[in-house]
1. For segment 105-153, name all the residues that are within 17 Å of residue 30 (Cα to Cα) and of a type in the set (Phe, Trp, Tyr).
2. Specify the residue that is nearest to residue 247 (Cα to Cα); the eligible residues are those in segment 185-208 that are in contact (Cβ under 8 Å) with a residue 60 or more places away in the chain and buried (at least 17 other Cβ atoms within 10 Å of the Cβ).
3. Restricting to segment 117-138, count the residues that are surrounded by 13 or more Cβ atoms within 10 Å (Cβ to Cβ) and farther than 19 Å from residue 22 by Cβ.
4. Go through segment 85-122 and report how many residues are within 13 Å of the chain's Cα centre (by Cα) and of a type outside the set (Val, Ile, Thr).
5. Tell me yes or no: at least one residue of segment 212-234 is touching a Gly at 6+ places or on another chain (Cβ under 9 Å), buried (at least 20 other Cβ atoms within 10 Å of the Cβ), touching a residue at least 24 places away in the same chain (Cβ under 8 Å) and not small (Gly, Ala, Ser).
6. Are there helices (runs of 4 or more DSSP H) fully within segment 227-302 with at least 3 residues that are in contact with a helix residue (DSSP H, G or I) (Cβ under 7 Å, 6 or more places away or on another chain) and over 19 Å from residue 181 (Cβ atoms)? List them.
7. Checking residue 189 against (1) touching a helix residue (DSSP H, G or I) at 6+ places or on another chain (Cβ under 6 Å); (2) closer than 22 Å to residue 95 by Cα, which single condition isn't satisfied?
8. Among (1) farther than 20 Å from residue 192 by Cβ; (2) surrounded by 16 or more Cβ atoms within 10 Å (Cβ to Cβ); (3) among the aromatic types (Phe, Trp, Tyr), where does residue 260 come up short?
Amino acid sequence: MLSNLNTFLTDRLGDLGPLLLIGGLGIVLIVIALPTLLKKKPDEFARIRMQRTDAGAAEGKAAVLRRAEKTDKLEKFATFLEPQNAEQLSAARLKMLRAGYRSKNAVRMFHFTQFILGIGFLTLGLIYALVTSLTSGVEVSTQSLILWTIVPGAMGYYLPQYWVNSRLTKRQTEIVQGFPDALDMMLVCVEAGQSLDQSIIRVARETKAGYPALAEEFDMVSNEVKAGKERVMVLKDMSERVGIADVSSFVTTLVQSATFGTSIAEALRVYSAEMRDKRVMRAEEKANKLPTKLTLGTMLFCVPALLIILIGPSLFGIATAFGGG
């Protein structure tokens, strides 16, 4: 019976038929066994905290329970979906914060998405290769099988990482572009008599339409200050959370101004002027890079057409003269 099964698999799937069958069964067994192995008992203290709600707030209680239930589904697999090293976990959370994902389970969701997309794309590629082999009747080579399975699996695994990196870059670019305008507006508010906290709230409200990422950061700063956290610590947290040199310099300027008792308006005036100059320098740098980038396009598209126009008639005349002779 085993020899007949081996012959059938070899005829259908090639020499790697038994190995593919064993690998597929292994993946299925791993997926089935993971929930059992990684099952985590619910925290009794968390359950008590969820139940501490007012008797009259039935809708609020239901919403809290729904959110907790969604979170617990991933908390059961926290040992599998999160780095166990504290430094790696902190770096992953910081990266997700800089990309704009502020939820508590953002790191777990990221690794869960990587796992699901990697396994899903690999399974789809394997199914496509098997269906193609069965329908066409042609044996799939080992190279084609690897191409249709490993490559989609790798693409599915690295797709969330590419998405997070692109979102992080886009968000930082938006903050850098809107920061000089926000500083100018903050300077106007401070010189008009508002405090620094009130000016931050006003800037967050006014920049929400054009630069929502920057407005979100200023909103978080104002909320943390309202909650009673020290302003210096709030500003330093903002600098670390954003990860941009201009914001770090701005935070250092405000901290030094508060430490030495100098005028915040004067510090903002000097720093906003520097930010405007830096924005002009960035624009000039991009303009100076433009001729170099256009050189390749000019050589590929303009020079051949120009040569045809200039040398084409002469070549045609020479060919006609030799042909007539």
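The values are calculated or read from the model by the stated rules, or taken from the named source; none is laboratory data. These numbers were taken from a predicted model, which means no experiment stands behind them. Reconstructed Cβ throughout: ideal geometry from the backbone, glycine too, with neighbour counts over all protein chains shown.
1. Residues satisfying the conditions are 112, 115, 121.
2. This residue is 186.
3. Residues in segment 117-138 being surrounded by 13 or more Cβ atoms within 10 Å (Cβ to Cβ) and farther than 19 Å from residue 22 by Cβ: 7 in total.
4. As a first pass, look at segment 85-122 and keep what is within 13 Å of the chain's Cα centre (by Cα): 92-102, 106-107, 109-111, 113-114.
Now narrow it down to the ones that are of a type outside the set (Val, Ile, Thr): 92-102, 106, 109-111, 114.
Counting residues in segment 85-122 that are within 13 Å of the chain's Cα centre (by Cα) and of a type outside the set (Val, Ile, Thr) gives 16.
5. There is at least one residue in segment 212-234 that is touching a Gly at 6+ places or on another chain (Cβ under 9 Å), buried (at least 20 other Cβ atoms within 10 Å of the Cβ), touching a residue at least 24 places away in the same chain (Cβ under 8 Å) and not small (Gly, Ala, Ser).
6. So the answer is 231-242, 245-260.
7. Against the list (1) touching a helix residue (DSSP H, G or I) at 6+ places or on another chain (Cβ under 6 Å); (2) closer than 22 Å to residue 95 by Cα, residue 189 comes up short only on (2).
8. (2)
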